[in-house]
Amino acid sequence: MSQGNGIIAVRREDKNKWERRAPLTPEQVKKLTEQGVKIIVQPSTRRCFANVEYERAGAIIQEDLSEASTILAVKEVPMNLLIANRTYVMFSHTIKAQPANMPLLDKMLELNIRLIDYECITEPRPRGKENDENYKGKRLVAFGRFAGIAGMIDYLRGMGERLLSMGYSTPLLHVASAYMYQDVAAAKEAITKIGNEVRDKGLPEALCPFVVAFTGTGNVTQGALEMFKLLPHEMIEAKDLPALMANPNKNCNVFYGVIVTCKDMVKPKDPEAEFNREQYYSEPQLYEPIFHETVLPHISVLIHCMYWDRKFPRLVSCDQMEELCRSNRSRLLGVCDITCDFEGSVEFLKKFTSIEKPFYIYDPTTREVNDDLEVPGVLYMAIDHLPAELPRDASNHFGTCLMPFLPKLATSDGTREWEDMTDLPDELRFACILANGKLTPNFRYIQRLREVGQREQKQQKTQFNAEVLRRTASFCSVTIRGHLFDSGLINRCLNILEEQQAKFRMLDWEIGQTTDQTSSVVIQLISADPATLRNILKNLSALASEVGGAVQEIASGPSMSSLISA
């Protein structure tokens with residue numbers, strides 16, 4: 001039944017107990033039924049909307065979804081619950097060939113499921129940008145703002161508890177976790193009252209000026225700022241932080257906010273060069289990090305919201321944080337890491353946290369992680385499903401974004417070849433990963449990514465003399481860019497690494513959005529012999545040049561124990 005029959009089903013979410021969101025609200029269901037779309041809703045006692053709300057909106061409440069040609073979900077669907085020959089729309093977490101979800105992808109291929117992924121629904125390319133490889137279309141269906149809102153609420157709550165452990169009672173102690181508020185409006189009302197208390201009574205003088213830094217400018221950052229600005233605040237620029245710290249007249253009745261830009265994070269390695277944003281994004285190896293010198297020593301809290309991949313310098317490393325602490329130059333109380341890049345741009349994200357247990361303490365001097373919030377260190381939060389804490393508001397926003405596409409999707413003929421799916425809006429057609437039992441053209445790279453992953457896993461089983469490597473090994477990270485898959489470049493590069501017996505690990509992929517665009521991969525290499533490593537880099541560069549690609553070294557250094565033990 002891949003041919004659209006005008007019936008859409010909303011499945012019951014079962015990822016975990018906190019997943020109470022829905023792709024459509026009862027109000028949105030009512031609008032669709034008024035347009036002639038039949039809606040089936042699978043009953044749930046956990047969903048943030050009651051079954052009766054959907055029933056009153058005109059939906060049919062039933063367990064069996066097989067009547068529908070299109071099935072909407074939020075998170076991945078368990079393999080045993082998939083229905084053959086249907087169109088599924090979900091966050092599948094498959095576009096980077098994530099190993100954990102490859103069995104799900106295989107099962108959907110076997111069942112001839114047409115898969116559309118919300119993550120890939122982006123705005124059409126404007127005229128003149130059709131072949132621009134650096135252009136990233138804005139995502140049209142996402143929860144980002146609510147990750148920022150929930151993250152800010154949760155972290156204010158955690159900071160209140162942390163400050164109490166340090167001996168300070170503050171109004172922040174009365175902030176609740178985001179999921180404890182009925183909706184965003186209720187949370188805003190509570191935060192506003194707490195802000196009034198701060199304005200009246202102030203914060204502990206020993207902690208002032210209390211500076212909160214935000215990274216990024218997207219929806220996540222805007223959501224976090226939306227909550228922060230309910231507190232008494234003054235926004236300043238990063239360049240003004242030293243003067244603020246030097247001012248003897250502390251204002252303890254406001255929070256200071258600073259939005260950190262790229263210019264505050266890095267500088268050109270060439271002392272004669274000036275910062276150039278476009279150059280930094282295209283050639284990050286020409287820049288070195290300065291955030292730990294210009295911003296980090298002055299801030300109380302970091303709200304980390306920006307996108308990052310491993311071709312760019314880290315925002316802050318473990319070494320940098322340790323040096324600041326040992327030299328008594330750190331004021332940092334905590335990090336709210338909404339990006340959740342494990343050991344990524346903030347290297348001391350050592351474990352993910354949960355809604356039930358949102359915090360841990362990181363000790364920069366010992367590099368140990370502790371669940372006891374009474375011990376010294378930095379309060380860290382890294383919850384990777386924050387929007388689930390605000391399910392009603394998040395679902396309403398998400399469904400509003402999705403609604404314009406659904407009437408056509410409900411009647412779309414999924415039996416057509418992908419190239420002939422003209423009855424689908426382009427935004428959905430280009431987000432279609434599977435159709436007719438195979439990967440669609442723009443996602444065929446997934447199979448090749450899987451093959452690369454298998455080779456990576458195989459070489460990691462190779463036995464190395466760990467003690468020798470710790471004493472002598474050299475490492476480097478390189479970015480390889482080009483038509484990695486169509487030209488066979490990536491497999492030929494791996495051949496070189498295997499022949500030279502170098503250990504390697506794929507750190508990050510950036511896949512071209514169409515088959516005409518290039519892709520890139522960041523690979524970490526390690527070898528017992530520095531000369532071998534230099535020879536590998538030479539051979540990789542020569543090979544890439546043969547097929548119109550390029551290799552850039554982005555980091556290098558001596559032995560890395562974390563790699564050896566990986």
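The values are calculated or read from the model by the stated rules, or taken from the named source; none is laboratory data. Given the structure is predicted, the values throughout are model-derived calculations rather than measurements. Every residue, glycine as well, gets a Cβ built from its backbone with ideal geometry; the counts of neighbours run over all protein chains shown. What goes into the accessible areas is simple: the full protein's heavy atoms, side chains included, and nothing from ligands, DNA or RNA. Shrake-Rupley method; radii C 1.70, N 1.55, O 1.52, S 1.80 Å.
Structure values in brief
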| item | result |
| --- | --- |
| Which numbered condition G512 misses (of (1) under 26 Å from C120 (Cβ atoms); (2) open to solvent by less than 30 Å² (accessible area, probe 1.4 Å); (3) at pLDDT 80 or above; (4) in contact with a helix residue (DSSP H, G or I) (Cβ under 9 Å, 6 or more places away or on another chain)) | (3) |
| Test: residue in segment 60-80 that is within 25 Å of W418 (Cα to Cα), small (G, A, S), out of contact with any strand residue (DSSP E or B) (no Cβ under 9 Å at 6 or more places or on another chain) and open to solvent by 20 Å² or more (accessible area, probe 1.4 Å) | no |
| Filtered residue count, segment 26-51, keeping only those that are more than 26 Å from L82 (Cβ to Cβ) and open to solvent by 60 Å² or more (accessible area, probe 1.4 Å) | 6 |
| Residue in segment 344-366 that is closer than 21 Å to I303 by Cβ, of a type outside the set (D, E), open to solvent by less than 10 Å² (accessible area, probe 1.4 Å) and part of a helix (DSSP H, G or I) present | no |
| In segment 320-343, the residues that are closer than 23 Å to W509 by Cβ, among the charged types (D, E, K, R) and assigned to a loop (DSSP other than H, G, I, E, B) | D341, E343 |
| In segment 323-354, the residues that are in contact (Cβ under 8 Å) with a residue 40 or more places away in the chain and within 15 Å of E161 (Cβ to Cβ) | L333, G334, C336 |
| Subset of segment 539-563 that is at pLDDT below 60 and of a type in the set (A, V, I, L, M, F, W, C) - its residue that is most open to solvent (accessible area, probe 1.4 Å) | M560 |
| Test for I446: is it open to solvent by less than 30 Å² (accessible area, probe 1.4 Å), at pLDDT 75 or above, assigned to a helix (DSSP H, G or I) and out of contact with any Phe, Trp or Tyr (no Cβ under 7 Å at 6 or more places or on another chain) | yes |
| Candidates T422, T411, T339, filtered to the one that is under 21 Å from the mean Cα position of the chain (by Cα), on the phi < 0 side of the Ramachandran plot, of a type in the set (S, T, N, Q) and open to solvent by 10 Å² or more (accessible area, probe 1.4 Å) | T339 |
| Near pairs, Cβ below 9 angstrom, 6+ apart or cross-chain, from segment 517-539 (more than 12 Å from S477 (Cβ to Cβ)) to any residue that is part of a helix (DSSP H, G or I) and β-branched (V, I, T) | S519/I490; S527/I536; A528/V468; A528/T472; D529/T472; P530/T472; I536/I496; N539/I496 |
| Boolean, K263 is in contact with an Asp or Glu (Cβ under 9 Å, 6 or more places away or on another chain) and farther than 22 Å from V175 by Cβ | no |
| Output for segment 369-397, where each listed residue is without any contact (Cβ under 8 Å) to a residue 40 or more places away in the chain and outside any strand (DSSP E or B) | D371, D372, V375, P376, G377 |
